[in-house]
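Asks: The structure follows.
The numbers here are math on the coordinates, done by the rules we state, and not lab data. None of these values were measured; they are calculated from a predicted model. Backbone-built Cβ (ideal geometry, glycine too); neighbour counts: all protein chains shown.
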Amino acid sequence: MRTAVVTGAGSGIGRVVARDLLADGWAVAVAGRRADRLEETAEEHESALVVPTDVADEGSVAELFAAVRAAWGRLDLLVNNAGTFGPAATPDEIDVAEWRATVDVNLTGSFLCARAAFALMRAQDPQGGRIVNNGSISAHVPRPGSAAYTATKHAITGLTRSLSLDGRPFGIACGQIDIGNAATDMTAGIAAGARQADGSVRPEPTFDARHVADAVRYMAGLPLDANVQFLTITATTMPFIGRG
């Protein structure tokens, strides 16, 4: 039995990825803040473990991985997906408390989950596993007014590289998927109109989030002696490559 934890699984990309893994025969711990949304994701699937979790809280994360250990005895995959867009403002207008809240979820939350997963993967027999971090297109370039979100996503790239290096002796692989404009409820506004670098507001193309799940499943399906270090998936004509 292949086992996984997916954070931010109550909606958006996390829900799509979790459901896709369940359909592919994985046992999946669906983690997020709202139990009712997690139950919807699980769809009463026998292989789903619903664990309400605040990834920014060390104790809550510890309880999540203790539940995984108790249920299955091992972990093969962590999908570090939970995140928040944070404040949308110029740097001088960003409230410091909102900055810290964004860092707590996007960066510290990813670290806490990776830390707990790493410990479990290192100690289990057979040893090893895989971590997939959701980096976002913002791990490459910012949108206007996104200093907090973009800073955390650039930091995720550093976390990914460090996990990859530190995981080598223990058979722990880590890769990052950077997603641009997958169509979910959370990104519905992009299709209507998104602010561009030149100050204009224009609708942007999106793509079916199921393709993200396909990509994660491909990364997760590799043997541990092979790794997709970075994978970027976007709507083909989104304003990312080039000057706009």
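Asks: How would the stretch 1-74 be classified by its alpha-carbon gyration tensor: rounded, prolate or oblate, with rounded meaning a/c under 1.5 and the a/b versus b/c comparison settling the rest?
Replies: It comes out oblate by the Cα gyration axes.
Asks: So for the pair E63, T237, with labels modelled 7 Å out along Cα→Cβ, what separation do we get in nm?
Replies: 4.8
Asks: How many nm separate the modelled label positions at E93 and A70, each set 7 Å beyond the Cα in the direction of the Cβ?
Replies: Once both label points are built, they end up 4.7 nm from each other.
Asks: Subtract the Cα-Cα distance of R217 and A191 from 0.36 nm times their separation in residues, and report this length gain in nm to one decimal.
Replies: Length gained, R217 through A191: 6.8 nm.
Asks: Ok, one more. Once both axes come from the Cα atoms, what is the angle between helix 210-221 and the longest principal axis of the chain, in degrees from 0 to 90, rounded to 10?
Replies: 40
Asks: As a test of the formula, what do you get for the chain when each DSSP H run with n ≥ 4 contributes -39,500 (n - 2.57) and the sum is divided by the residue count, at 222 nm and rounded to the nearest 500 deg cm²/dmol?
Replies: Calculated at 222 nm, the ellipticity per residue is -12000 deg cm²/dmol.
Asks: Any idea what diffusion coefficient the stretch 109-244 gets from Stokes-Einstein, in µm²/s, Kirkwood Rh on alpha carbon pairs, 4 °C, 1.567 mPa s?
Replies: It diffuses with D of about 80 µm²/s by this estimate.
Asks: Helix 12-23 sits at what angle to the longest principal axis of the chain, using alpha carbons and giving 0 to 90 degrees rounded to 10?
Replies: Helix 12-23 sits at roughly 30 degrees to that axis.
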